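Pasting in a structure now, in structure tokens, and then I'll have a few things to ask.
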Amino acid sequence: MHQIHPQAPETEAICPVASSPAFAPPELLCPRWYAVKTRSRHEKSVSRLLEGKSVQVFLPVYASVHRWNDRNAVVSQPIFPGYVFARICLADRIQILSVPGVVNFVGPQGRPASIPEEELAALRLCLDRQVRMEPHPFLVVGRRVRIRQGLLADMEGVLVRKKGQFRLVLSVNLIARSVAVEVDANDVVPDGGYALQNSLEDCRFA
């Protein structure tokens, strides 16, 4: 007689990504910089609330002169209105979205997209070195140069000229925003092998 062996019960496959943190996507566990969209004029309050949650926050500001009644007042304004930058693991994104004044993360199709470290590092360096930054129309095309010496040594950006003054334009591509800082033409090293004078003459006029 043939012996009949009972068939082993089928088992459901377990996804290793869901079962073990070791297989989780890197962005879930590794802190990266993200752009957080805020309600109008809520940038500073959102920044304070996030800091209260021990979140690393970056809110670049600049001094602007406003005339109120019969006097001028210097006020601190966000360079990128409507945005705050937060360094988090995406696994913790819910605590960001729950903060009053936060609208959403910035990214394609509503999915948070990280910002390259070097883009924000350039802005942070300007603030740390107390180099004045001003908002500038978004710009990514133009003569790219590098600062070879001084407070902003090794910083790269697009060179523009306005009223005879050269400026270095730094961009955060994810939010399509730029800032400009004044630079000395003698500190600029052009890319692409152009002679320095030719590059300065070819640079964009802001």
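Obtain the nm distance between the two label points defined at Phe58 and Phe138 by a simple spin-label model: each point lies 7 Å from its Cα along the Cα-to-C-beta direction.
Between Phe58 and Phe138, the simple spin-label model gives 1.9 nm.
How far is the Cα center of the range 72-122 from the Cα center of the range 130-145, in Å?
Here the answer is 20 Å between Cα centres.
Between Val131 and Ala176, what is the spin-label point distance in nm, taking each point 7 Å from the Cα along the Cα→C-beta axis?
2.7 nm
If every alpha-carbon in the range 14-115 counts as one equal scatterer, what log10 I(q)/I(0) does Debye give at q = 0.13, 0.18, 0.21 1/Å?
-0.54, -0.86, -1.05
Another question, then. Mind checking which of Gly107, Asn72, Gly52 is farthest towards the positive end of the range 14-115's charge dipole, using Cβ charges of +1 (Lys, Arg) and -1 (Asp, Glu) about the Cα centre?
Most positive-ward Cα: Asn72.
So, one more: Gln149 to Ala91: extension gain in nm, 0.36 nm per residue of separation minus the Cα-Cα distance?
16.8 nm
Each reported figure results from applying straightforward, stated rules to the coordinates on display, with no laboratory input. As the structure is a prediction and not an experimental result, all values here were calculated from the model. Virtual Cβ from ideal backbone geometry, glycine too; neighbours counted across all protein chains shown.
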